[in-house]
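The values are calculated or read from the model by the stated rules, or taken from the named source; none is laboratory data. All values derive from a computational prediction rather than experimental measurement. Don't worry about glycine lacking a Cβ; one is built from the backbone with ideal geometry, like all the others, and counts go over all protein chains shown. Side chains included, ligands, DNA and RNA excluded: accessible areas come from the protein's heavy atoms. Shrake-Rupley method; radii C 1.70, N 1.55, O 1.52, S 1.80 Å.
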Amino acid sequence: RGTGEIAGEQKGNLTPRNQAGFPVIKHRSHTEVELVVARIADYQGGAPSQPGAAPGAAPAKKPGEMTPVEQADEAEAMGDFAGAATALSKALEATPNDPDLMWRRAEMLARAGESSDALKLGNRVLAVAPDRKGVRLKMAAWLIDTAEYEPAVALLKKEIELDPENEMVAKGMFVALQGSGAENADIEKAAQKWVELSKENPEALIALAGF
């Protein structure tokens, strides 16, 4: 299970706050957004399955050779996310519109520091599977990492329609709205929803207390 917290939190510590009590919005490193993504992954009830399960998802292999998906598995296990993305690109040659393979490759690109390419591929996934839960949530996390808050808000609004009771979506919306400079009333509403879904998590209560 991932240990990260959305908006750059670290396990066991609350997000730094300004005098008004709001979490401090700052540019986050790639490592920090990976913590965000790891935590978000735990809340993806309808998340894409591991690629390779569907028949024909990867080219056939010769005896003694690994398939591109197996190569990606090995590269990911070794922390070579760029290599995993390359292997998955080969797998997609056989089934270019496979949403599972595309999404896994997007995640590998993001972990390799290529969030722009990851977002483009995420949009391709949504074109094929527009109602897939969790995709927009992770894409929003990548956007928050680069301080692109307004596009993140747009993605999260759609994710809320698909998964209205997801605590992490509510938390993400609070962070994205605050970063975008939205009206205090909208930010407060997002904080209230986060408190409700988190069953009065102390951190959510602190965020709400700033209003």
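Couplings 3J(HN,Hα) of region 140-152, computed from phi: 4, 4, 5, 5, 4, 4, 9, 6, 9, 6, 5, x, 5 Hz, in residue order, whole Hz [Karplus 6.51 cos²θ - 1.76 cosθ + 1.60, θ = phi - 60°; x for Gly and Pro]. With the simple model of a label 7 Å out from the Cα in the direction of the Cβ, Asn123 to Asp186 spans 2.1 nm.
Taken per residue, the accessible surface of region 70-211 reaches 44 Å², heavy atoms only and a 1.4 Å probe.
Bridgeable aspartates and glutamates around Lys157 (alpha carbons under 14 Å apart, same-chain partners fewer than 8 residues away excluded): Asp131, Glu165, Glu167, Asp186.
Computed over region 73-211, relative contact order equals 13 percent, with contacts defined as Cα pairs under 8 Å that lie 6+ residues apart. Close amide H pairs (under 5 Å, H built 1.01 Å from N) link Ser198 with no residue at least 5 positions away or on another chain. On the principal axes of its alpha-carbon atoms, region 75-211 has extents of 51, 28, 26 Å, going from largest to smallest.
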